[in-house]
Amino acid sequence: MAFESLSDKFQNIFKNLRSKGRLTEEDVKVALKEVKMALLEADVSFKVVKKFINAVTERAVGSDVMNSLTPGQMVIKIVNEEMTNLMGSETTEIKLKPSNEITVIMMAGLQGAGKTTTVAKLAGKFKQKGYKPLLVACDIYRPAAIDQLTINAEKQDVPVFSMGTDNKPKDIAKAAMSHAAKNDNNVVIIDTAGRLHIDEEMMDELIGIKEAVEVDQTILVVDAMTGQDAVNVASNFNDKVGIDGVILTKLDGDTRGGAALSIKAVTDKPILYVGMGEKLSDLEQFYPDRMASRILG
Ligand code: GDP
């Protein structure tokens with residue numbers, strides 16, 4: 001299960017805090033040092049941990065907390081609130097235009113992150129809301145990617161627009177817009193090429209699509225299992241292409257927590273959804289407060 005080791009550590013730290021009637025500033029500092037170690041071991045980036053610990057310390061070390069009736073409980077509450085803040089405090093929805101206009105969503109991510117699966121999962125969500133999605137196959141380098149998109153789209157009963165592998169992604173995207181307009185599709189989801197590593201060509205291609213069609217939202221799909229790498233990927237895409245939000249996949253796996261806790265703090269872009277499995281229904285809205293409670297136990 002995700003965050004298991006981090007949750008266990010927090011349980012222990014909190015048990016110690018609760019067991020003490022009164023707390024000294026030293027007690028709190030010792031506990032926060034343990035919190036710091038636990039977060040670093042969970043692969044949360046050093047900068048994020050430092051900022052987090054400073055924010056908690058500022059609120060937790062002081063006479064208000066020390067002289068309260070349940071100081072341990074107060075410190076735990078502060079840790080919970082600051083962890084929620086770290087992940088964005090509020091739930092961010094993917095903004096869709098009114099149904100008589102076309103919302104264009106470009107999906108990006110490294111190969112294997114779960115992009116194609118997530119495209120189909122999202123299409124299902126939009127369909128549930130009464131929208132008419134169109135999936136666009138812009139990964140021209142791997143014919144298998146187009147096949148996979150088509151198979152997933154069929155499962156969701158949504159159409160795919162494809163021009164095979166001989167056209168440029170930006171031209172496919174442009175043609176898809178006229179196709180959408182003709183067929184009354186009001187959410188266009190562009191599935192772009194995933195590469196094994198970030199490269200200039202990949203970034204240029206995404207920028208090219210953005211120049212060819214009016215992209216409303218650029219969403220990056222990253223694999224939670226890759227920890228700080230996921231955060232670096234998000235940071236890189238945000239700097240080069242500009243992203244509006246992140247979908248974090250494979251949170252059903254044995255991830256340590258680093259990506260979930262660092263992405264918002266590092267990129268200032270919210271986590272929108274989390275992937276909780278391989279099934280097309282396994283996509284959940286991301287709630288920072290619920291995630292904090294889940295991690296803290
Ligand atoms: P892409 O290369 O980024 O398009 O990735 P795919 O969509 O092909 O996904 C790669 C693999 O990850 C596939 O086996 C998916 O079933 C799997 N996958 C995608 N999302 C999730 C998730 O949230 N949880 C789990 N366990 N597997 C996922």
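Every read-out reported here was derived from the displayed coordinates using simple, explicitly stated rules and does not represent laboratory data. Here the structure is a predicted model, which means the values were calculated and not measured. No Cβ is skipped: glycine too gets one built from the backbone with ideal geometry, and neighbour counts run over all protein chains shown.
At a glance:
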{"item": "0 to 90° range, to nearest 10: angle between helix 115-128 axis and the chain longest Cα axis", "result": "90 degrees"}
{"item": "Relative packing of peptides 107-115, 256-264, 280-288 - highest average C-beta neighbours within 10 Å first", "result": "256-264, 107-115, 280-288"}
{"item": "Dipole of segment 115-174, positive direction: furthest Cα of 140, 173, 162, with charges on the beta-carbon", "result": "173"}
{"item": "C-alpha long axis of helix 169-182 to longest principal axis of the chain, angle in °", "result": "80 degrees"}
{"item": "Estimated [θ] at 222 nm from DSSP helical runs (n ≥ 4, -39500 (n - 2.57)) normalised by residues in the chain, nearest 500", "result": "-16500 deg cm²/dmol"}
{"item": "Protection proxy ranking, peptides 168-176, 144-152, average beta carbon neighbours within 10 Å, highest first", "result": "168-176, 144-152"}
{"item": "Dipole magnitude of the chain, debye to nearest 20 (Cβ charges: Lys/Arg +1, Asp/Glu -1, about Cα centre)", "result": "740 debye"}
{"item": "Cα-based shape type of segment 1-64, given that a ≥ b ≥ c are square roots of the gyration tensor eigenvalues and the cut on a/c is 1.5", "result": "oblate"}
{"item": "Restraint check, 121/174; 95/127; 47/240; 125/264; 127/155, Cα-Cα greater than 19 Å", "result": "121/174; 47/240; 125/264"}
{"item": "Cβ crowding within 10 Å averaged over residues, with 10-16, 127-133 ranked highest first", "result": "10-16, 127-133"}
